[in-house]
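Student: My questions will all concern the structure given below.
No value in this document is a laboratory result; all are computed from the given coordinates. This one's a predicted model, so the numbers in the text were calculated from it and none came from an experiment. Virtual Cβ from ideal backbone geometry, glycine too; neighbours counted across all protein chains shown.
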Amino acid sequence: MNQKRIQRMHEMINFYVQDKEFMGTVLVAKNNDILLHQGYGLANIEWDIPNDTKTKFRLGSLTKQFTAVAILLLEERGLLKTDDFITQHLPNAPAAWKNIKLFHLLNHTHGIPNYTQFPEFREITYCKKSPWEQVQLFINKSLDFEPGTQYCYNNTGYVLLGFLIEQLTGQSYARFIQDNIFKPLNMHDSGYDSFSEIIPHRASGYSKTPSNQLTNDEYLDMSLPYAAGSLYSTTSDLLKWTQGLFKYNLLSIDSVKKMITPFKEHYGFGVEIKDIHNNKTIMHIGGINGFHSALFYSPLTETTIAVLSNLNTFGYVWDIGFLAQGIGLKLLSIVHDKKITLPYEKKSIAVASKILEEYVGEYEIKPNLKLEVILKNLQLEAYFSNQPVILLKAESESEFYARKPDLSFKFLRNKKGNVNQVYLSQSGYELIGKKFNSKIKDIPV
């Protein structure tokens, strides 16, 4: 890759560092060729310790792909089949789960409610819970939908998968992952996070207040994310992971193919499979107290991009609000020789209020994700549920951009000329929302 593109990578990342929106470590590699590998900002602000290529970060939901591989390893060893029903391995499971397969747990189509969204979950974040105690949080809940009929990303299925791994192997989830994945791949800087354990080179996690002040993020007992989000790693180890997985050093070709075959909403087993810049991309993001993460792998170009951050700068909005994802997508664009435009490089124009009013309303992005657009003081503002305001600036009468998060918005019309959709994009990653309510009024100061 030419130096001009690598320089653009540094320029892009440094923009977010200087904007005080990103701290962390970034890796870009094509096969074994490291194009960029650098730490940015501080691993510990109080001691003024910088992030570097050895810094360890919580992975959040990147954990799910390791859990999925663990299940596929057990399938290859004859201990289960992904088409097995839960009740074949957990005979005391409630009757409501009788049609749920392990397949459904792996790709978020099981219908069991998401335990991390329960009102009582916040009350137990300081509590240590065994896997069985966590299962008790949702075992008696009614299903949200019939298994296999819908996709709804959540953490519950992966807690069940972790519990199942322990039941079938007699090992803790942490020990199984260590012995069967991390050790074979020489991932010596990866493990199951723990508040009490001394972990050298571990980053502290930070967030920003609404007034833009940095704070230590809230405590979370790592027994709670469990097999859905409790692992930590480094960018170097994540490169070992993609190389080991996609060169079939852990799983057979058939198992990897099963893992990266999407079922609904582009989701396979612990990974999302998207077509970005006409290149198949296997990806996932993670968000957990104090940390964001994103991992991309492009099989065609054998490109790995890992972005690990110890600064939460935007609330949890799956597929939208993670700056780690935005940086990763821009890096992928540069690798694929696509032009990227940073927020400060864009030019805004004025749009008549009559036109802006037509965009006001609510848009369903996904069944569990809605966007509300309002007009306030002649400027469009957008909100995802319980998240900070997103200020929209116009590039044309129908196209807008935001700086935080770095997103593009394009409002679409039907054949009658009525606004009926919003198109969201972030460096080649796309989502479309359908308008379902136009009754939101202008909000004055």
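Student: How many times 2.2 N^0.38 Å is the alpha carbon radius of gyration of the chain?
Tutor: Details: Rg = 21.8 Å, N = 445, 2.2 N^0.38 = 22.3 Å.
Compared with the compact-globule rule of thumb, the chain sits at 0.98.
Student: Then there is this: When only C-alpha pairs under 8 Å and at least 6 residues apart count, what is the relative contact order of the chain, in percent? Don't jump to the answer; show the numbers that get you there.
Tutor: Numbers: 900 pairs, mean separation 71.8, N = 445.
That works out to 16 percent.
Student: What does the charge add up to near residue 11, with Lys and Arg as +1, Asp and Glu as -1, over the other residues with Cβ less than 11 Å from its Cβ?
Tutor: Local charge sum for residue 11: +3.
Student: If we count trypsin sites (Lys or Arg not before Pro) as exposed when they sit in a DSSP loop and have at most 10 other beta carbons within 10 Å, what is the longest stretch of the chain that avoids them all?
Tutor: Value returned for the longest uninterrupted segment is 1-338.
Student: Near residue 49, within a Cβ-to-Cβ distance under 15 Å, what is the net charge of the other residues, with Lys and Arg +1 and Asp and Glu -1?
Tutor: 0
Student: Going by C-beta contacts inside 10 Å, put 67, 87, 125, 55 in order with the fewest on the left.
Tutor: Arranged by neighbour count, lowest to highest, 67, 87, 125, 55 become 125, 87, 55, 67.
Student: May I ask which residue of 142, 270, 231 lies farthest towards the positive end of the charge dipole of the chain, with charges of +1 (Lys, Arg) and -1 (Asp, Glu) on Cβ and the Cα centre as origin?
Tutor: 270
Student: Through the Karplus equation 6.51 cos²θ - 1.76 cosθ + 1.60, θ set to phi - 60°, convert the phi angles of the range 356-362 into ³J(HN,Hα) values in whole Hz; use x for Gly and Pro.
Tutor: 4, 4, 5, 8, 5, x, 10
Student: Still on this model: HN-Hα J couplings of the range 178-187 from phi, Karplus 6.51/-1.76/1.60, θ = phi - 60°, integer Hz, Gly and Pro as x?
Tutor: 4, 6, 9, 10, 5, 5, x, 9, 6, 8
Student: Further question: Just in the range 88-183: which chymotrypsin sites (Phe, Trp or Tyr not before Pro) are loop by DSSP and have at most 14 other Cβ atoms within 10 Å?
Tutor: 126, 145
Student: Still on this structure, I have one more. In nm, to one decimal, how far is the modelled label at residue 277 from the one at residue 89, with both set 7 Å along Cα→Cβ?
Tutor: The modelled label-to-label distance comes out at 3.8 nm.
Student: When a footprinting reagent is the concern and you count Cβ atoms within 10 Å, what order do 288, 139 take, fewest first? Working shown, then result.
Tutor: Numbers: 288 27, 139 17.
Lowest to highest Cβ neighbour count: 139, 288.
Student: Between exposed GluC sites (Glu not before Pro) in the chain, where DSSP calls loop and at most 11 other Cβ atoms lie within 10 Å, what's the longest gap?
Tutor: Longest gap between qualifying sites, sites excluded: 198-445.
Student: Place a +1 charge on the Cβ of each Lys and Arg in the chain and a -1 charge on the Cβ of each Asp and Glu, then give the dipole magnitude about the Cα centre in debye, rounded to the nearest 20.
Tutor: Numbers: 48 positive and 45 negative charges, 196 e Å.
The calculation lands at about 940 debye.
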